[in-house]
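Enquirer: If you scroll down you'll find the structure; I have some questions about it.
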Amino acid sequence: MKRLKLLKRGIVPILAVLLLLGSLAVCAAEQDAAATIKGIDVTDDNTIIVRSDSPLKFKLMPLDPFRAEVELSNVSLGEFKDRVVVNKGFIAEITPVQVESPSLSARLSIVFSSPVQIVPVTSGNDLVLNISGTAEKSAYKKIKASAIPAEPKDGIANLVTDIIINKTDDGAELILKGNGLLPDPEVFEIDGKVMLDIPGIGVKAEIPADMIAPVKSIRHSTETDKSRFTITIDRIQDKDIFVLDDEIVIDLYVLPRSKKIAADKGKAAGGFEDQQVKPGAVVSLDFQDADVVAILRLLGDVSGYNIVVHPDVKGKITMKLMNVPWEQALNILMKTFNLEKAVEGNILRIATAKAFQDEKKSVAAIRDATAVAEDVVTKIFIVNFANVEKTRDIIEKGKILSPRGNISVDTRTRSIIVKDTPSRLAEVDSLIKSLDKQTPQIMIEARLVEVNTTMAKELGVQWGGWLAPRWGSNSYSASGSGSGSISGMQPASSFPSSDARSNLPGTYPAISAGTSSANPIGAMTFGFLNASQTINLALRISALETTGKGKILSNPRIMTVDNEQAIIKHGAQIPVTTRNSDGTYTTTYKDANIKLTVTPQSVPDGSVFLKVEITKDEPDFSRKDSFDNPVIYSRQASTQVLVKNGETLVIGGIVKSLENESESGVPLLSKIPILGALFKNNVKSTESEELMIFITPRLQ
């Protein structure tokens, strides 16, 4: 009997070990075999049925009253990977997402048309989601209560039993009370909401009916491994979160107005503009050794994008970011793990740089393989406005054609003949349509305005005296011109200039003609100074003032197409004679004309960029060289300017001013005060010349 008892005692542990190993092997086999979705049905009574070929392990995650996610562990979606638009009852749409990393799973994202409650039920291999309005809460609470463990273990809490909110002097205090010691929660802030994830905890507590500012609302959801509390907060606030044994205390502080303004300024000073990130939701993230895929999913929820993460994206990260834009947080993660992103509509794809490179190589390989398999066809493209040969060169330099393609042009019919695969011909067609556009025409109008002003003043004296016999009826001739009988006062017209002792008359300078001529305006002559008429004194005073004004307007204009040079000129050719070294003479012709050379280029904002050169050459026949060749006056302006369509711009101007003042007189006598004016001649002249150049472009 004793031996039998010992034998029994030895067999029982062995059998227990064998049974344990067998159960582990069965579990491992079940875990390795992934379930496959066979159907997703929506009934008329707001029920979603997910059919599978084996039992499903699921996790229901209500995100808000309008959205929920069902995560199915070790499940393949099979053929059901497309979004399903339902619009039946409370259910709007269902989006299946296959997750490959860190483990195989499937996710069903469900969008509702109104706030709902969800009651999940398993039936064989099927998962049944019963959807009801928010008024039907009792069934939902019963389902959640049935999943709560009965008792805590080792004094560690497994339930949040009470939610208390109190008013404080600085704001509000929120207390989450458990049925034992509560663990440290994971805390993150998203767009005015504080979210707490408490691991290993269920919820058996009622949310307070009345909220206290700054708390606007409190929501919670229970998953298989944690409970999430979402606290919506109004206004800018500070917070302290700490654990006191069986309580998680959240102190919320409302900032005064002055402090709020300072906080806003501090955020601007933080350099968001300098970092050139787009404005968006601001997040605060505090994770320790967290999975990067989970953080990317969280950022996808904040951004509003549907997010797809490549299976190669793996890793753990410890991070703490406070009040940063979600785009900046995403960029930091991508730089840390050498990731890249691509936005396709409202879907954000994130993968490794190598995955994107492989994808591009695969697309290029498929395109090349398709091009080799495609038939080569010929197509003729008609070019209406563009230059045919230049268009052909652009297509060749763009390397659009495949190695099997070729291109030629027919300038007579403005045709481009291309022989290539249909896909490459489509690219050529798109390029030609982009290039073959009507070129705008531009009218260029220039105005050259010249204003000349001359002014001359001159005051002169001519007088003389001599001894002569008594005058009788004899005649006297002055300077060989004119004669007359002198009796008493001698006529001014017969003033004896050849006998003048101070010959300083006024003359007309004629500046524009380059000559001078005697032109006395006023004159008087004193006759004999003694009774015997032997001492004679003659005096003539002449004064002159002349003014002259001239205005010349040159107005060349020309029309040309965009980005093409245009030239217009008007004038004459002047013969110029030169003497050669062998003594012979050669005559050549030099242009003396007005010339406008312009190259316009239209700018998308309605302006016109102009490259302008204006020349005006004219001969001056009053000034000649020894060969009787006139002097050529040249005026030229060359510039590049940007002008609004239809506006006039002054592109240049020349102002030339000349002043002359001279005095001639009899030495010593001309220096006598007052009387010295009788012994000198004063000449004062001014000459000014202005040239202004205006330019006006007009798009036609």
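The values are calculated or read from the model by the stated rules, or taken from the named source; none is laboratory data. Computed from a predicted model, the values in this text were never measured in an experiment. Heads up, the Cβs are rebuilt from the backbone with ideal geometry, glycines too, and the neighbour counts pull from every protein chain shown. The protein model used for the area step is the full one, side chains on, heavy atoms only, and it has no ligands, DNA or RNA in it. Shrake-Rupley method; radii C 1.70, N 1.55, O 1.52, S 1.80 Å.
Enquirer: Does at least one position in segment 307-323 carry a residue that is more than 34 Å from the chain's Cα centre (by Cα), hydrophobic (A, V, I, L, M, F, W, C), open to solvent by 40 Å² or more (accessible area, probe 1.4 Å) and over 30 Å from ASP562 (Cβ atoms)?
Expert: No; the residues of segment 307-323 include none that is more than 34 Å from the chain's Cα centre (by Cα), hydrophobic (A, V, I, L, M, F, W, C), open to solvent by 40 Å² or more (accessible area, probe 1.4 Å) and over 30 Å from ASP562 (Cβ atoms).
Enquirer: Please verify whether GLU100 is under 21 Å from GLY133 (Cα atoms) and acidic (Asp, Glu), treating the condition exactly as stated. Talk me through it step by step, then tell me what you get.
Expert: Values: under 21 Å from GLY133 (Cα atoms): no; acidic (Asp, Glu): yes.
So GLU100 fails the test.
Enquirer: Among the residues of segment 428-453, what is the count of those that are of a type in the set (D, E, K, R) and in contact with a helix residue (DSSP H, G or I) (Cβ under 9 Å, 6 or more places away or on another chain)?
Expert: Of the residues in that region, 1 qualify.
Enquirer: Can you find a residue in segment 57-72 that is on the phi < 0 side of the Ramachandran plot, surrounded by 16 or more Cβ atoms within 10 Å (Cβ to Cβ), at pLDDT 85 or above and of a type in the set (Asp, Glu)?
Expert: Yes, segment 57-72 contains a residue that is on the phi < 0 side of the Ramachandran plot, surrounded by 16 or more Cβ atoms within 10 Å (Cβ to Cβ), at pLDDT 85 or above and of a type in the set (Asp, Glu).
Enquirer: From the list SER101, SER54, SER23, which residue is modelled with pLDDT under 70, outside any strand (DSSP E or B) and among the polar types (S, T, N, Q)?
Expert: Exactly one of SER101, SER54, SER23 is modelled with pLDDT under 70, outside any strand (DSSP E or B) and among the polar types (S, T, N, Q), namely SER23.
Enquirer: Now, a different point. For segment 671-686, state whether one or more residues are closer than 22 Å to GLU458 by Cβ, of a type in the set (D, E, K, R), in contact (Cβ under 8 Å) with a residue 60 or more places away in the chain and open to solvent by less than 80 Å² (accessible area, probe 1.4 Å). Break it down into steps so the answer makes sense when it comes.
Expert: Our first condition is that a residue be closer than 22 Å to GLU458 by Cβ; within segment 671-686, this holds for 671-686.
Applying the additional criterion that residues be of a type in the set (D, E, K, R) yields 671, 680, 684.
Narrowing the set further to residues that are in contact (Cβ under 8 Å) with a residue 60 or more places away in the chain leaves 680, 684.
If we keep only those that are open to solvent by less than 80 Å² (accessible area, probe 1.4 Å) too, we end up with 680.
Yes - at least one qualifying residue is present in segment 671-686.
Enquirer: From the list VAL383, VAL376, pick out the single residue that is touching a Gly at 6+ places or on another chain (Cβ under 9 Å) and at pLDDT 85 or above.
Expert: Details: VAL383 fails: touching a Gly at 6+ places or on another chain (Cβ under 9 Å).
Within the list VAL383, VAL376, the selection yields VAL376.
Enquirer: Does GLN357 satisfy being within 30 Å of GLY606 (Cβ to Cβ) and open to solvent by 90 Å² or more (accessible area, probe 1.4 Å)?
Expert: Details: within 30 Å of GLY606 (Cβ to Cβ): no; open to solvent by 90 Å² or more (accessible area, probe 1.4 Å): yes.
No, not satisfied.
Enquirer: Return the pairs, sorted by first residue and then second, in which the second residue is of a type in the set (D, E, K, R) and at pLDDT below 85, the first residue lies in segment 585-608 and is farther than 18 Å from GLN573 by Cα, the beta carbons are less than 8 Å apart, and the residues are 6+ apart or on different chains.
Expert: Matching pairs, first to second residue: TYR585/ARG579.
Enquirer: Another question, then. Considering only segment 345-354, how many residues are within 29 Å of the chain's Cα centre (by Cα), more than 17 Å from ARG297 (Cα to Cα) and open to solvent by 20 Å² or more (accessible area, probe 1.4 Å)?
Expert: So the first thing to find is which residues in segment 345-354 are within 29 Å of the chain's Cα centre (by Cα), and the list is 345-350, 353.
Okay, now just the ones that are also more than 17 Å from ARG297 (Cα to Cα), so 345, 353.
Still in the running and open to solvent by 20 Å² or more (accessible area, probe 1.4 Å): 345.
Adding up the residues that qualify gives 1.
Enquirer: Here is a list: VAL85, VAL50, VAL111. Which entry is open to solvent by 60 Å² or more (accessible area, probe 1.4 Å) and among the β-branched types (Val, Ile, Thr)?
Expert: Only one candidate qualifies: VAL85.
Conditions (1) assigned to a loop (DSSP other than H, G, I, E, B); (2) touching a strand residue (DSSP E or B) at 6+ places or on another chain (Cβ under 9 Å), marked per residue:
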residue	(1), (2)
VAL372	no, no
ILE394	no, no
ARG404	yes, yes
VAL418	no, yes
ILE432	no, yes
GLN438	yes, no
ILE444	no, yes
